[in-house]
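K.L.:
Next up is a structure, given as structure tokens.
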Amino acid sequence: MEYRRLGRSGLMVPALSLGTGTFGGVGRLAAWGTTDATEARRLLDICLEAGVSMFDTADVYSLGESERVLGEAIKGRRDKVLVSTKATFRFGDGPNDIGSSRQHLLAAIDGSLSRLGTDYIDLFQLHGFDAFTPPEEVLSTLDVLVRAGKIRYVGVSNFSGWHLMKSLGVADKHGFPRYVANQTYYSLIGRDYEWELMPLGLDQGLGAVVWSPLGWGRLTGKIRRGQPKPEVSRLPKTADFGPPVPDEHVYRVVDAIDEVAKETGKSVSQIALNWLLQRPTVSTLIIGARNEAQLRENLGAVGWSLTKDQVAKLDAASKVTLPYPYWHQRTTFTDRNPPAV
């Protein structure tokens with residue numbers, strides 16, 4: 001397993017991480033999976049054998065059950081793993097059970113530590129931007145938590161470019177911990193990350209921790225032009241809170257992947273993951289798995305590389321018209337404003 005620096009930090013992370021949204025299976029995330037502690041331990045065994053040592057969760061996944069199951073699975077081997085979790089979304093009915101206020105973050109961290117059965121979190125990320133809490137309050141709270149040893153590195157998820165830059169400016173001004181990770185959606189059928197967040201990551205030293213690298217299950221090989229949608233899939237039940245993609249765009253990209261698959265002998269999902277591993281700023285891809293077979297399939301994305309021609313073919317098939325001002329920058333002023341990729 002290849003290890004990469006997490007942004008501009010000194011932390012090394014595996015190129016593939018395991019997402020544990022399938023752990024627990026409570027609430028609407030039951031459509032992702034219902035992995036219990038016994039099966040979770042087996043999946044972690046496979047991961048660690050392959051060199052995958054980072055595991056991502058969040059307090060809201062299955063109402064805390066994902067963290068609890070992950071905690072059971074890492075018991076007795078905490079020193080061999082990196083634990084990544086997130087908070088900010090609503091986690092309770094109270095007026096302060098949401099957001100990135102000092103009140104909520106302190107409670108959220110203590111709750112996550114208890115469920116995970118650990119006394120520190122390797123990477124803590126804000127799950128979303130809280131426009132009602134001053135960044136000085138957010139970052140000073142994270143500073144206290146880092147100094148207390150409860151968290152070691154900090155990052156964000158689902159932030160806009162200006163959200164990130166405002167926060168980084170406050171961190172630099174006051175000497176607070178800088179975000180080193182951006183947990184972001186990025187896939188062959190969702191390349192919005194390249195427009196602004198990738199250049200920002202290159203400039204400011206943030207590593208991309210990629211969620212849903214298979215486009216919310218659309219790049220598993222089960223969805224193709226002229227074929228019925230799979231009956232067993234998380235997509236129909238969770239499409240309302242996943243990234244939207246027109247069917248025709250998915251088909252066009254999968255057609256190109258199928259061509260590359262014939263040349264490489266690799267699967268659709270392995271090609272889609274390998275393409276991402278060659279993109280700038282990418283530190284790790286969060287892969288998911290309902291079972292051992294899916295996990296082993298995704299682990300096959302490393303140890304080889306697509307050729308430049310194959311990457312170019314996939315780039316062309318997945319290209320979309322950029323919104324303003326990005327199309328203007330790409331067509332009129334590349335001499336002084338080159339794209340990141």
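K.L.:
Count, please, the residues in the range 257-266 that happen to be in a helix (DSSP H, G or I) and surrounded by fewer than 19 Cβ atoms within 10 Å (Cβ to Cβ).
P.N.:
Filtering the range 257-266 down to residues in a helix (DSSP H, G or I) leaves 257-264.
Retained after the next criterion (residues that are surrounded by fewer than 19 Cβ atoms within 10 Å (Cβ to Cβ)): 258-259, 261-264.
So the count comes out to 6.
K.L.:
Testing residue 177 on (1) within 20 Å of the chain's Cα centre (by Cα); (2) modelled with pLDDT of 95 or more; (3) part of a loop (DSSP other than H, G, I, E, B), one condition comes back false. Which one is that?
P.N.:
(1)
K.L.:
Now, a different point. In the range 109-121, what count of residues is obtained for those that are under 20 Å from the mean Cα position of the chain (by Cα) and part of a helix (DSSP H, G or I)?
P.N.:
Step one: list which residues in the range 109-121 are under 20 Å from the mean Cα position of the chain (by Cα), which gives 109, 112, 116, 121.
Checking the rest, the ones that are also part of a helix (DSSP H, G or I) come to 109, 112, 116.
Matching residues across the range 109-121 total 3.
K.L.:
Open to solvent by less than 40 Å² (accessible area, probe 1.4 Å), modelled with pLDDT under 95 and closer than 30 Å to residue 260 by Cβ: does that describe residue 233?
P.N.:
On the way: open to solvent by less than 40 Å² (accessible area, probe 1.4 Å): yes; modelled with pLDDT under 95: yes; closer than 30 Å to residue 260 by Cβ: yes.
Taking the combined requirement at face value, the residue satisfies it.
K.L.:
Something else about it: Just to be sure I understand, how many residues within the range 267-301 are in a loop (DSSP other than H, G, I, E, B) and either within 18 Å of residue 217 (Cβ to Cβ) or touching a strand residue (DSSP E or B) at 6+ places or on another chain (Cβ under 6 Å) (or both)?
P.N.:
Here is the first cut: in the range 267-301, the residues in a loop (DSSP other than H, G, I, E, B) are 267, 278-281, 288-291, 300-301.
Then keep just the ones that are either within 18 Å of residue 217 (Cβ to Cβ) or touching a strand residue (DSSP E or B) at 6+ places or on another chain (Cβ under 6 Å) (or both); that gives 267, 281, 288-291, 300-301.
The qualifying residues number 8.
K.L.:
Taking the residues in the range 302-319 that are outside any helix (DSSP H, G or I) and buried (at least 19 other Cβ atoms within 10 Å of the Cβ) as candidates, determine which candidate is farthest from the chain's Cα centre (by Cα).
P.N.:
Only one residue fits best here, namely 306.
The values are calculated or read from the model by the stated rules, or taken from the named source; none is laboratory data. Just so we're clear, the structure is a prediction, and the values are computed from it rather than from any experiment. Here Cβ is always computed from backbone atoms with ideal geometry, including for glycine, and neighbour counts include all displayed protein chains. SASA here: full protein model, heavy atoms, side chains in, ligands and nucleic acids out. Shrake-Rupley method; radii C 1.70, N 1.55, O 1.52, S 1.80 Å.
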